[in-house]
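Got a structure for you, questions after.
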Amino acid sequence: MDNKNGSLRERKKEKTRDTLIEVANRLFLERGFEDTTVDDIVAVADISQRTFFRYFPTKEAVVFSKHPGRVVRFRLLLARHKSAETPIKVVIEALIDFAGEYEKNKDQLLREWRIVVASPTLIVRDVELDLEFEQAIAEVLAGEKGPNSVAFSDARILAGAIFGAVRAIMQEWFGSECKSNLPELGRHALEMLDKGLSVL
């Protein structure tokens, strides 16, 4: 009985969280992020402000609610490809797999992108959060040498270059309304970049 009640509570919590995300994103698209308040969100969602802050510390956290899970998933994909012949190949194959997963969620991602690019605040936060992906890439490129080595400094620079290419790929994809093939775009751009990173 306790397990059933616990499961029911979890489902209700998940439903409330999903409702907040859906309502907030709809309002952000309609009114803009800066012009939508937490009071607006809770009024439409028909919940209390206290409940909102139980799930999200800020409005920004709603927009980027999927980010932590995506970073975890990317790290898992890097680990899956760790047997590739070079560190850069590990990164490329993980990114291509990640692109394939993005293809399956293109409608949601396009909506998120439209919200972010319309807000100076969110653009800045998006770049900050991308550093977590860069960090994961840098760790792979540095191998076993660790974060205090000179090699890791080089790896961070190379990771920044790779993720710069990723940003360009994503801009191209979103610019096509996600109609172009993201894995194909990614493989072409990243393999082109790989030719300039032969040191790895």
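The values are calculated or read from the model by the stated rules, or taken from the named source; none is laboratory data. All values reported here derive from a predicted model rather than from experimental measurement. Quick reminder, even Gly has a Cβ in these numbers, built from the backbone with ideal geometry, and neighbours come from all protein chains shown.
I'd like the residue in the range 64-85 that is assigned to a loop (DSSP other than H, G, I, E, B) and over 21 Å from Ile21 (Cα atoms) and, out of all such residues, is farthest from the chain's Cα centre (by Cα). Walk me through it before giving the result.
We begin by selecting, within the range 64-85, every residue assigned to a loop (DSSP other than H, G, I, E, B); these are 64-66, 81-85.
If we keep only those that are over 21 Å from Ile21 (Cα atoms) too, we end up with 81-85.
Numbers: His81: 20, Lys82: 21, Ser83: 25, Ala84: 24, Glu85: 27 Å.
Filtering first and then ranking leaves Glu85.
Only one residue in Leu95, Leu131 is of a type in the set (A, V, I, L, M, F, W, C), within 23 Å of Asn181 (Cα to Cα) and part of a helix (DSSP H, G or I). Which one?
Working: Leu131 fails: within 23 Å of Asn181 (Cα to Cα).
The unique qualifying residue is Leu95.
Next question, about the same structure. Checking the condition at negative phi and surrounded by fewer than 16 Cβ atoms within 10 Å (Cβ to Cβ), which residue from Ser65, Ser83 passes?
On the way: Ser65 fails: surrounded by fewer than 16 Cβ atoms within 10 Å (Cβ to Cβ).
None of the other options fit; the residue is Ser83.
Looking at Phe52, Phe74, Phe28, Phe56, which one is in the same structural domain as Glu177 (by TED's automatic domain parsing) and either of a type outside the set (Lys, Arg) or over 30 Å from Ser180 (Cα atoms) (or both)? Before the answer, list the steps.
On the way: Phe52 fails: in the same structural domain as Glu177 (by TED's automatic domain parsing); Phe28 fails: in the same structural domain as Glu177 (by TED's automatic domain parsing); Phe56 fails: in the same structural domain as Glu177 (by TED's automatic domain parsing).
Within the list Phe52, Phe74, Phe28, Phe56, the selection yields Phe74.
Residues checked against (1) in contact with a strand residue (DSSP E or B) (Cβ under 6 Å, 6 or more places away or on another chain); (2) of a type in the set (A, V, I, L, M, F, W, C); (3) without any contact (Cβ under 8 Å) to a residue 40 or more places away in the chain:
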| position | (1), (2), (3) |
| --- | --- |
| Phe28 | no, yes, no |
| Asp35 | no, no, yes |
| Ala43 | no, yes, yes |
| Ile47 | no, yes, yes |
| Phe53 | no, yes, yes |
| Gly69 | no, no, yes |
| Pro87 | no, no, no |
| Ile92 | no, yes, no |
| Leu95 | no, yes, no |
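Ok, one more. Pick from Glu22, Glu34: which is of a type in the set (Asp, Glu), part of a helix (DSSP H, G or I) and modelled with pLDDT of 95 or more? Give the steps one after another, and end with the answer.
Numbers: Glu34 fails: part of a helix (DSSP H, G or I).
From the options Glu22, Glu34, the qualifying one is Glu22.
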